[in-house]
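This report concerns only the one structure given below.
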Amino acid sequence: MRLDVIVPTYNRASLLSRTLESLLEADRPTGLEVGVLVVDNRSTDNTRPLVESFMARFEGRLQYLYEPQPGRSHALNAGIAASRSDLIGMVDDDEQVDRSWLRTIATAFDDESTDFIGGPYLPVWGGERPLWVGRSYGAVIGWAECGDSIQQYGPSCTAMLMGGNAVVRRFILDRVGPYSVDLGRTPGGRLLSCEDEDMFARLLAIGARGFYRPDLIIHHYVSPERLTKRYFRRWCFWRGVSQGTMDRRRPAHVPYLLGVPRYMVGAAVRGAIETVRSLFGRSDPARTFKNELAWWDLTGFVYGKHFYGLDRLLSDLAARARTAFRWEDQPATGARR
């Protein structure tokens, strides 16, 4: 088997060097040929020279690709299109793979009925973890664990395949198509997400067989900039916007209340009640903030489902109208020559 590991990156040369070092240090099993493809998504730092400095150590197994279209989804799609390997692996530029990562992949795909695998994200704290950071919203900072046993993805599994720690057979990716480019975040743009959720839903929809592997471990760096309440609120709001946008295309198979999944409304209402009760007793900072974030989720979902995109359309129409009026206001003598 041949595996290509795709690493999309944007202005994180110092962290990217750790990612590449970890891939070099990972145990390489016999029978698995491994290549690495770094997709530079318009970086303005020294990303390219850094990648080139690693090429000799990878002995021809490291490639550099420049993708001018901004956005993680564009970068992943470019990397997938450039690869011709049997297996496509994906890690982010702020992660380090565990030493056993490649061995786990070789073991998992010895079973020809396995189509894709994912695994846990263990945090590497770049600063002191605040008391209000709990496990409920670990996804905000890329912290995800779902037990110590191998589980098949599906209704009975709470884990989801995320593109920072995923391996998928090439022919399966050819069937489901590329990552959605309107859902992922863009450099310096809004914190849109859910491109991984969309891909995961499409994999399950075609009957692809995937497994959560607790031994497919990556270590994810959590920068101090993400350990703020402001970042958590923004992330949850824009995750909600992304979910609402995705819901317009493919409604979930759950009960709805006024166009919103009932569980989201219930979580927000229960959280508000619990917060009010905590005012009269001892409160847990993590639970109190979790209850607040449920409302940011809900608000983002409503905006994403009913209004996101409409504001862009109205702005575009307004700009065209202003341009047309400016043209009409031009003096007749200067209108044409």
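The values are calculated or read from the model by the stated rules, or taken from the named source; none is laboratory data. Model, not experiment: these values are computed from the prediction. For neighbour counting, all protein chains shown are included, and Cβ atoms are generated from backbone atoms with ideal geometry for every residue, glycine included. With ligands, DNA and RNA removed, areas are computed over all heavy atoms of the protein, side chains included. Shrake-Rupley method; radii C 1.70, N 1.55, O 1.52, S 1.80 Å.
Structural remarks
- Test: residue in segment 306-314 that is assigned to a helix (DSSP H, G or I), of a type outside the set (S, T, N, Q) and modelled with pLDDT of 75 or more: yes
- Residues located in segment 271-293, provided they are in contact with a Ser or Thr (Cβ under 9 Å, 6 or more places away or on another chain) and among the aliphatic types (A, V, I, L, M): 286, 293
- The set of residues from segment 265-301 being aliphatic (A, V, I, L, M) and either open to solvent by 50 Å² or more (accessible area, probe 1.4 Å) or touching a Pro at 6+ places or on another chain (Cβ under 8 Å) (or both) comprises 269, 273, 276, 279.
- Residue within segment 35-45 that is surrounded by fewer than 20 Cβ atoms within 10 Å (Cβ to Cβ), more than 23 Å from the chain's Cα centre (by Cα), of a type outside the set (S, T, N, Q) and closer than 17 Å to residue 19 by Cα present: no
- Residue check for residue 225: of a type outside the set (Ser, Thr, Tyr), closer than 25 Å to residue 15 by Cβ, free of Cβ contacts under 8 Å to residues at least 12 places away in the same chain and open to solvent by 60 Å² or more (accessible area, probe 1.4 Å): yes
- Filter result (among the acidic types (Asp, Glu), farther than 17 Å from residue 72 by Cα and either touching a helix residue (DSSP H, G or I) at 6+ places or on another chain (Cβ under 6 Å) or without any contact (Cβ under 8 Å) to a residue 60 or more places away in the chain (or both)) within segment 24-44: 27, 33
- When 16, 23 are checked against the criterion of being outside any strand (DSSP E or B), open to solvent by 10 Å² or more (accessible area, probe 1.4 Å), at pLDDT 95 or above and hydrophobic (A, V, I, L, M, F, W, C), 23 stands alone in meeting it.
Condition check ((1) in contact with a strand residue (DSSP E or B) (Cβ under 6 Å, 6 or more places away or on another chain); (2) closer than 23 Å to residue 134 by Cβ; (3) of a type in the set (Ser, Thr, Tyr); (4) in a loop (DSSP other than H, G, I, E, B)) across all residues:
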| position | (1), (2), (3), (4) |
| --- | --- |
| 230 | no, yes, no, no |
| 237 | no, yes, no, no |
| 248 | no, no, no, no |
| 263 | no, yes, yes, no |
| 277 | no, yes, no, no |
| 296 | no, yes, no, no |
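- Taking the criterion of being aromatic (Phe, Trp, Tyr) and either within 20 Å of the chain's Cα centre (by Cα) or open to solvent by less than 10 Å² (accessible area, probe 1.4 Å) (or both), the residues of segment 131-170 that qualify are 137, 143, 153.
- Near pairs, Cβ below 9 angstrom, 6+ apart or cross-chain, from segment 131-160 (at positive phi) to any residue that is open to solvent by 20 Å² or more (accessible area, probe 1.4 Å) and assigned to a loop (DSSP other than H, G, I, E, B): 142/92; 142/162; 147/158; 147/214
- The number of residues in segment 194-213 that are in a loop (DSSP other than H, G, I, E, B) and surrounded by fewer than 20 Cβ atoms within 10 Å (Cβ to Cβ) comes to 3.
- Yes/no for residue 252 being in a helix (DSSP H, G or I) and at pLDDT below 95: no
Residue by residue, here is whether (1) over 16 Å from the mean Cα position of the chain (by Cα); (2) crowded, with 17+ Cβ neighbours inside 10 Å; (3) modelled with pLDDT of 95 or more; (4) part of a loop (DSSP other than H, G, I, E, B) holds:
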| site | (1), (2), (3), (4) |
| --- | --- |
| 85 | yes, yes, yes, yes |
| 90 | no, yes, yes, no |
| 99 | yes, no, yes, yes |
| 113 | yes, no, yes, yes |
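- Residue 30 being assigned to a loop (DSSP other than H, G, I, E, B), open to solvent by less than 30 Å² (accessible area, probe 1.4 Å), polar (S, T, N, Q) and farther than 21 Å from residue 219 by Cβ: no
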